[in-house]
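Some notes on the structure that comes next.
None of the figures in this text is laboratory data; all of them are computed from the coordinates on show. All of these numbers come straight from a predicted model, not from anything done at the bench. Cβ: placed from backbone, ideal geometry, glycine included. Neighbour counts: every protein chain shown.
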């Protein structure tokens, strides 16, 4: 092995010395830049924020850490707060924004701020600003003087930085796991909503000589993303949870997607009415892959308006259950039709079109009298609801919300129905027309046996067409029911048991003397049912629709008020006959016992 020569040792020392000198220069330069940057951040940042917001906001922080070598920096205990005195002055001058923000967080991180670009180009370029677990409060108060303002600043923010930088560019601003509180000050009583674990990503924020006039930007941004997972809200009545998973929004595409949305009852079907203390509809809703297109983000930020061109729902289920073994809550339901309730929602909503696909809707009820559960279903429901709005300016242009739906009753009979709701009518005017085709009537036994104690022994439904006009008081129109081979069996609960048994004589009377077995009849006579049905004040919207159609069906098959009176007379005489027979039987039995005693 060769020994290291003095010449090699001198060369190595020289190289190490040069490296040490360069290192000292870099460290010294970094230290010098750090010393220069810290006062700038502490003094100039606050001045820029204050000046750019007309004195409305002040930024406060405790400590600044800067590392020019890595191009990273951080602020601790950061607070962005508004000056309420300045805000009141701006309101008086009609210059105040609709929203005030308060942002608080323990640490704000700045990644890759490129110090050499600051020094040589007077350009501040930052790869990432990270707000980790911030607490954001947004206070909304809508002002008429802001109605026509655009999402571009009236005065370019470049005027506030041009003496320091030629440009300020942040590629990404991340709010990770933020908690968000929304305060609505537009009503007499303050309304507060809170959301946790929301992530907001802002892309390509730029302040330069031209960015304020760039129409492809909003609030100087190219894009904004919002993501939230596993959102849960407990309803104030303590009966439901509203849940949403994988909520994703992109401002540039104007698209929102919710993977799953559900309304989940907190109690089982058996416990729901028991907890309430009265019979109450129990709703269970599950919707999948909800897409909203054409969302106006600026309107939501400015006035909390939900404006969208289209909503698509891929599939879902809606189940309703009622246990009428509990007492009913007698309550006036006038003014509580769906289109009336929608108008009372505090949030302004306009969705031009809602596309429904593959929804399975079912209603079930436990009947105390029969002791059984009845069920009816509308399967594979699809259709379009248009002009869904509760905003006066849009209602004035077009007051009609229209719904055109297609479904399959009990998975078999094809049902087409169209609703029109007049949201400006003082009496909640609405209309509906449609047709049910080709149903084996025996499929309806799932609901008629338990809830009406009527068995459909046979019936081929050819067509059930209806055209109804209604308001919150009365419904009028016509029902045309075409069918063949109708035969009914009247039922009653078996004494001492849970099953139902058929009332043979009454069923025979009904089929022979009351109902029409065919419509049109064998001689070609068709019975159409004119409708005039008055809603009871306690009747809900769906109860009103159901009772109106049921009146038409009853009249079509022969159950007119006159025939009902006749059959009640038959039943009364039949009961009298039964009672008389029972009396004669008892007298015979008493005479028999008396004879045996006298033997």
Expected output is a single nm value to one decimal: the length gained when fully extending between residue 324 and residue 177, i.e. 0.36 nm times separation in residues minus the C-alpha distance. What is it? 48.4 nm
Computed FRET value (nearest 0.05) for residue 51 with residue 238, which takes r as the C-beta separation and R₀ as 41 Å: 0.25
How much length, in nm to one decimal, is gained on full extension between residue 149 and residue 187, taken as 0.36 nm per residue of separation minus their Cα-Cα distance? 11.4 nm
Residue 391-residue 499 FRET efficiency (beta carbon distance; Förster radius 60 Å; 0.05 resolution): 0.65
State the dimensionless ratio Rg/Rh of segment 272-378 (Rg: radius of gyration of Cα atoms; Rh: Kirkwood radius). 1.08
Post the alpha-carbon centroid distance, segment 141-208 to segment 211-255, in whole angstrom. 14 Å
If the chain between residue 300 and residue 121 were fully stretched, how many nm would it gain, using 0.36 nm times the residue separation less the Cα-Cα distance? 60.6 nm
Under a crude label model (7 Å from the Cα following the beta-carbon direction), how far is residue 379 from residue 142 in nanometres? 4.4 nm
Label-point gap, in nm, between residue 553 and residue 347 - each point 7 angstrom along Cα→Cβ: 3.7 nm
Once label points are set 7 Å from the Cα along Cα→Cβ at both residue 278 and residue 562, what is their separation, rounded to one decimal in nm? 4.0 nm
Reduced to Cα centres, the span from segment 430-470 to segment 350-422 in Å works out to 17 Å
